[in-house]
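Read through the structure below, which is laid out as C-alpha cells, and then see the notes.
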Amino acid sequence: MTTSTAHKQIVLECANCHTLTPMQEFSGACPECGEVLVEARYDLERINPQEWVKSLRDRPSSLWRYHEVLPIFDTSNVVSMGEGVTPLIKAEALGASLGLRNLYIKDERQGPTGSFKDRQATVAISALMEMGVDEVVVASTGNVAIAYGAYGARAGIKLWAFFPALTPNDKMREAALYGAEIIKTTGTYDQTKQLAARFAKAKGVFLDRGIKSVAAIEAMKTMAYEIAEQLGQELEDGEHWRAPDWFLQGVSGGMGPIGVGKGFREMLGFGLIDKLPAFGMIQSTGCAPMVEAFRRGQRVATPVEDSQTVIATLATGNPGLAYQILYDYVDENGGYFIDATDEEAFNAIRILARTEGISVEPATGVTFAGLFKLAQQGIIKPDDVVVVNCSGHTLPVEKQILGERWQETVDLSHAETTPPVPAGDLVSAVRKIPGTLRRVVVIEDNEGAARLMSRLLVAHGNAEVYMAHDGAHGLALINEVRPDLVITDLMMPEVDGFAVIDQIRASEALKNVPIVVVTAKELTVRERDFLDTHADLLLQKGSFIDDEFIQQLVEQLS
C-alpha cells in the first residue's frame, strides 16, 4: 500500500474551544487555549461510502485499510506490523451464564505486542515518521510504552519511556527489550506525566502529548469500524454494517472510548450504520473519578489524589476534559459508568479464562467485572448486542490472579505404581453429591447455557445429563428417565418452567425430585412465593453457572 494523498485535507479541532488548526501547523496544543485534546477532521464529502466499502474487501488486513480517515498524508510513511482487524468472538458460555444472547469479545490481545495500544502506536509512530521526528518521550503504565517501543524500533525512532511506581516490572522489561530508555518513578501516573514533560522540555525532545491524543482517538476509532463491519457479517447479510447496542471498556484517561465513539459517529454520518451504541465505562473502585462524578450527576470530575488500585493502567486520577466528552456521549446516546474492585477484576479474569479460554490483563478484568454488574442489575438486557473490548493479555500478572498455590506436586520417586491425579476443588465438591444422584434432566431453551451446565455436571463422572430445549420435551424426558434432579429455566415457549414444576409436584412418582430453577426473569412476589414452596434452589442467571454454581448445588442438595 503506497498512496500519496497530497490532496488530503486534515484539520485538528480543539475539544475545548473548537478552534481548527491545519494538522501540518499543529505544535502539540491548541494555539488559542492550550488544550492538548484534539480530534482530526477530514473532508468526508470526497468519499463515496458504498464504493469505499466495496474497495475494503480487496485491501490488506490491517487498520490501515481505512487510511482515508486516518491522519497520514502519504501512506509510504506508514509503520505497520499487521495490527488491527482483530477477531470478534461470540462468548457463548459466558453469555449463557449471564443471560445474554449476543455477547461478543473484541480480542485486541492478538495485536503484535498483545494489546489494543498497537493501534495507537502504529498511527503515532507513522505520524512521527511523516513529521521527521527521530526521538520521542512518552509516559506510560505499560502497554503504550511496549507498543511504542516495538514500532519505534521498526521505524528507527528512539523512545524515552517514563513509568509510575505500580507498573509491573515485566512490562518495563519488555519495553527495554525494544531498546527504549526506561525511567521508573516513585510517583503516580499523573506525577510521572508531569516529570516526562519537564524532561522532554529540558532535553529538547519531542513529547508525545498532542500527537498522542490524535493518534489515540484516530487509531481507536478503527476498532469501531471493524466492529460494525464484523457484526454486519455476523448478524446481517454481510452487505450492511451494524452497530452494537452496547460497547464496554475499562477506562482511565478515556482516549480509547472517545476514539471508538468518534468512529461510530463518522459511520453514522456516512450512512453505514443507523444508530450509535450505548457506552459502558468501567473504572477500578480504587481510582474512579468518572464513576463518582456520574453518580452525582456532574459533568466535571473531581480528581482522585491518592489512587488505591493496584491496576496501574487504570490509575489516572484526573481525566480532565475526556470525562466531559464521555459524559456528553452517554447523556445523548445512553450508557452507564460503573466501578469494580481489584478483587472483582481478578475473579472476572478467572471466570473468563475458564468459560471462554481467554486470558486477559487486569484492565480487561475490570471491564468484565463491570459487565457482570450491568447484566445482573438489568441495565444490559438479555437481547442486547454487547461488544467488550478485550484490551490486553494477562501474562505479567498470573501470580496475582492465581496466588501461590496454583499447582499440586505428586512425589513419584518411591511409588511402584502411578497414583491417581490429585482431585481439584470442583471434582472434590461434586463427589460429595449423594450416590443416588445419577440422572439429571436440564431443561433450557438457550443451548449455550444448557451445554455449559451439562459440561460442568458430566465433568465429574457422577451424573448422566439429559437435555431438553423446551418444557414439553422436558416433561416427556422426566417421565422417561425418572431423574434424581431437574434443572429448569422458567421462560420457555408453550410449556414454561412453572408448568413443568407444577406437573412434577403433582406426580406421585416424581413429587420428591429436587428442582433447581435457573432464570434471568425478574420475579413477581407471587412467582417467588410459588418457587419458595415448589423449588429447592433458585439461581438468577448472572450468578455464574461455574464452580460456584456446582458448590452451591452440592451444599443445598447433599
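The values are calculated or read from the model by the stated rules, or taken from the named source; none is laboratory data. Predicted, not measured: the structure shown is a model, and the values here were computed from it. Here the Cβ positions follow ideal geometry from the backbone for every residue, glycine too, while neighbour counts run over all protein chains shown.
Tabulated data for the structure shown
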| item | result |
| --- | --- |
| From the options Ala153, Ala176, Ala216, residue that is under 30 Å from Cys30 (Cβ atoms) and either in the same structural domain as Thr86 (by TED's automatic domain parsing) or surrounded by fewer than 22 Cβ atoms within 10 Å (Cβ to Cβ) (or both) | Ala216 |
| Residue in the range 256-277 that is nearest to Thr367 (Cα to Cα), counting only those that are of a type in the set (A, V, I, L, M, F, W, C) and surrounded by fewer than 21 Cβ atoms within 10 Å (Cβ to Cβ) | Leu276 |
| Members of the range 224-250 that are under 18 Å from Asn333 (Cα atoms) and assigned to a loop (DSSP other than H, G, I, E, B) | Arg242, Ala243, Pro244, Asp245 |
| Test: residue in the range 158-169 that is out of contact with any helix residue (DSSP H, G or I) (no Cβ under 6 Å at 6 or more places or on another chain), under 29 Å from Ala224 (Cβ atoms) and in contact (Cβ under 8 Å) with a residue 60 or more places away in the chain | no |
| Residues of the range 38-63 that turn out to be among the basic types (Lys, Arg), assigned to a loop (DSSP other than H, G, I, E, B) and modelled with pLDDT under 90, as a count | 1 |
| Tally, over the range 260-277, of residues that are outside any helix (DSSP H, G or I) and either within 14 Å of Gly232 (Cα to Cα) or charged (D, E, K, R) (or both) | 5 |
| Only listed residue being hydrophobic (A, V, I, L, M, F, W, C), farther than 24 Å from Val387 by Cβ and not assigned by TED's automatic domain parsing to the domain that holds Gly204, chosen from Leu20, Leu56 | Leu20 |
| Evaluation of Ile217 against (1) over 28 Å from Leu63 (Cα atoms); (2) assigned to a helix (DSSP H, G or I); (3) of a type in the set (Val, Ile, Thr) (one fails), failing number | (1) |
| Members of the range 214-252 found to be within 16 Å of Cys390 (Cα to Cα) and of a type in the set (D, E, K, R), listed by number | Lys221, Glu226 |
| Test: Arg109 is crowded, with 20+ Cβ neighbours inside 10 Å and of a type in the set (Lys, Arg) | yes |
| Test: residue in the range 191-210 that is under 24 Å from the mean Cα position of the chain (by Cα) and either modelled with pLDDT under 90 or outside any loop (DSSP other than H, G, I, E, B) (or both) | no |
| Pair list, Cβ < 7 Å and 6+ apart or interchain, from the range 188-203 residues that are outside the structural domain of Asn318 (by TED's automatic domain parsing) to residues that are assigned to a helix (DSSP H, G or I) and surrounded by 16 or more Cβ atoms within 10 Å (Cβ to Cβ) | Tyr189/Ala312 |
| Condition broken by Gln552, with the remaining ones in (1) surrounded by fewer than 18 Cβ atoms within 10 Å (Cβ to Cβ); (2) modelled with pLDDT under 85; (3) of a type outside the set (D, E, K, R); (4) in contact with a helix residue (DSSP H, G or I) (Cβ under 7 Å, 6 or more places away or on another chain) satisfied | (4) |
